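Have a look at the structure below, then the notes.
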Amino acid sequence: MRGMMARHVSKLLSVVACVALVAQSASAQGREAPDFHVGYTDIGPVLGLGSVGGANMAIGGRFEHALQNLPSMGNGILGIEVGADYYSWSYAAFAYSWSVKYLPIGVTANYHFRVTEPKLDPFVGLGLGYDVVSCSFSGPSNANGCGYDSGIYLIARGGLRYFLSPGMALYGDVGAGAATLNVGLTFKLH
């Protein structure tokens, strides 16, 4: 199990490095100031840290598009973010064993605060998600089975981008979802 997760993390880091090189060379061509603004769109991988169920780590991604200015709400910006993650865990005790796989997919409306430092993009978000859960159970024939089901869940999170360049930012969010803390990189699409 740990070996499989290490291979997934290794592949994810390789993809991140390749995308970072492409995004860095593209952003070197356009010398705009790094900031989150209406029309900004990015995508990127994240690693989820913190125990959810029996999971130690989640692998996922984020995509966000900035829709409009909100002058009546502190001149912030409304963004729509789509996120997906994957994590799994297994447990065995006595004659019972469980293997549970989660694929949470969610959409949040994010409020991005206006700050004077263009490299920072703090935000808070609310949304809904759907957990796609698959479970296998092994045990005595009179046992009830897995006890884990797919379903809708509420998303509440806070986060921050720190722009390393106009085309690339460090990304982090905390709150409800696949993990307590998600960290990664985002790459500007336009």
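The values are calculated or read from the model by the stated rules, or taken from the named source; none is laboratory data. Note that this is a predicted model, so its numbers are computed, not measured. Positions of Cβ are generated from backbone atoms using ideal geometry, with glycine treated the same way; all protein chains shown enter the neighbour counts.
At a glance:
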read-out	value
Leading residue by the ranking (surrounded by the most Cβ atoms within 10 Å (Cβ to Cβ)) among those in segment 96-121 that are within 20 Å of residue 166 (Cβ to Cβ) and charged (D, E, K, R)	121
In segment 75-98, the residues that are of a type in the set (Gly, Ala, Ser) and at pLDDT 90 or above	76, 79, 83, 84
Test: residue in segment 168-189 that is in contact with a helix residue (DSSP H, G or I) (Cβ under 7 Å, 6 or more places away or on another chain), part of a loop (DSSP other than H, G, I, E, B) and of a type outside the set (D, E, K, R)	no
Some residue of segment 164-175 being at pLDDT below 90, hydroxyl-bearing (Ser, Thr, Tyr) and either out of contact with any His (no Cβ under 7 Å at 6 or more places or on another chain) or buried (at least 16 other Cβ atoms within 10 Å of the Cβ) (or both)	no
From the options 83, 125, 44, 129, residue that is in a strand (DSSP E or B), touching a Pro at 6+ places or on another chain (Cβ under 6 Å) and either within 18 Å of residue 179 (Cβ to Cβ) or without any contact (Cβ under 8 Å) to a residue 12 or more places away in the chain (or both)	129
Filter result for residue 141 (surrounded by fewer than 17 Cβ atoms within 10 Å (Cβ to Cβ), polar (S, T, N, Q) and either modelled with pLDDT of 95 or more or in a strand (DSSP E or B) (or both))	no
Residues of segment 57-95 classified as in contact with a Phe, Trp or Tyr (Cβ under 6 Å, 6 or more places away or on another chain) and either surrounded by 15 or more Cβ atoms within 10 Å (Cβ to Cβ) or among the β-branched types (Val, Ile, Thr) (or both), total	6
Yes/no for residue 115 being more than 12 Å from residue 81 (Cα to Cα) and in a strand (DSSP E or B)	no
